[in-house]
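Here's the structure we're looking at; comments come further down.
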Amino acid sequence: MNPTEGLAVLLVTTAALSLGDKRLRPVILTYAVQALLLGVLVVFEGWDGGQIALILYGLAILTVKGVLTPWYIGWLSRRIGIERELDPLLNIPLSLVAAGLCLLASLKVTGDLELSTPDERVLVFAGLATVLLGLLTMATRRKAITQSLGLLTMENGAFLLSLTLAGGLPLAIELAIFLEVIVLVVLLGILFYRIRETFDSLDASAMTSLGE
């Protein structure tokens, strides 16, 4: 297994591991590791292809998504007083079974695609699996702060897919998406405070009362 394949497999593993713990701190840590792996992967691909812009983008991922974003979400969770997902829609064993099904589905879809190299196959599998695992996190966790980590995980997978299938997005579009992610994280922080003040909870199901 070459470095690209190894990094991709580890990235998927971190996305799956986040479904195996109710405690928020380990979930934030696994997301941080996931983002760091993605950043290293992008830097490696940029270095291998001689693309300076891709190397710089990978370094930005390492800094912002791998360090600053997890730190900010961890700080925010401590300020709000959220330490764990008390009552997920799926318990841990069922969540891991669902994660396994996501991996199998990703393998099936990837196997049906015509891809030129083994590296591309592994990267497409990793990107698709990460998107599905992020979606599963959003669908099975009640806390808004955990759901936001699922959304950010989906974004990581979508970026990996674009990097592999489309040869990377144009730099201007990549930078625009990157800035949107930063804005999203900041806005999520404001939203968490507002939810906490209104409902005295970050349980997303509590917001259903708004429609009644």
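Data table
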read-out: Those residues of region 44-96 which are under 20 Å from T137 (Cβ atoms) and β-branched (V, I, T), in sequence order; value: I61, T69, I73, I80, I82, I92
read-out: Failed criterion for W75 (all others in (1) surrounded by 13 or more Cβ atoms within 10 Å (Cβ to Cβ); (2) part of a helix (DSSP H, G or I); (3) at pLDDT below 85 hold); value: (1)
read-out: Some residue of region 11-24 being over 14 Å from L149 (Cβ atoms) and free of Cβ contacts under 8 Å to residues at least 40 places away in the same chain; value: yes
read-out: Single unsatisfied condition, T63 versus (1) surrounded by fewer than 19 Cβ atoms within 10 Å (Cβ to Cβ); (2) over 20 Å from N156 (Cβ atoms); value: (2)
read-out: Residue list for region 117-153, restricted to those being crowded, with 23+ Cβ neighbours inside 10 Å and not in a helix (DSSP H, G or I); value: R141, K143
read-out: Condition met for L115 (in contact with a Lys or Arg (Cβ under 9 Å, 6 or more places away or on another chain) and free of Cβ contacts under 8 Å to residues at least 12 places away in the same chain); value: yes
read-out: Count of region 1-10 residues which are touching a residue at least 40 places away in the same chain (Cβ under 8 Å) and either farther than 17 Å from P118 by Cβ or not in a helix (DSSP H, G or I) (or both); value: 1
read-out: Residue within region 48-58 that is modelled with pLDDT under 90 and within 19 Å of the chain's Cα centre (by Cα) present; value: yes
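The values are calculated or read from the model by the stated rules, or taken from the named source; none is laboratory data. Being a predicted model, the structure only gives us computed values, none of them experimental. Using ideal geometry, Cβ is built from the backbone for each residue, glycine included, and neighbour counts are taken over all protein chains shown.
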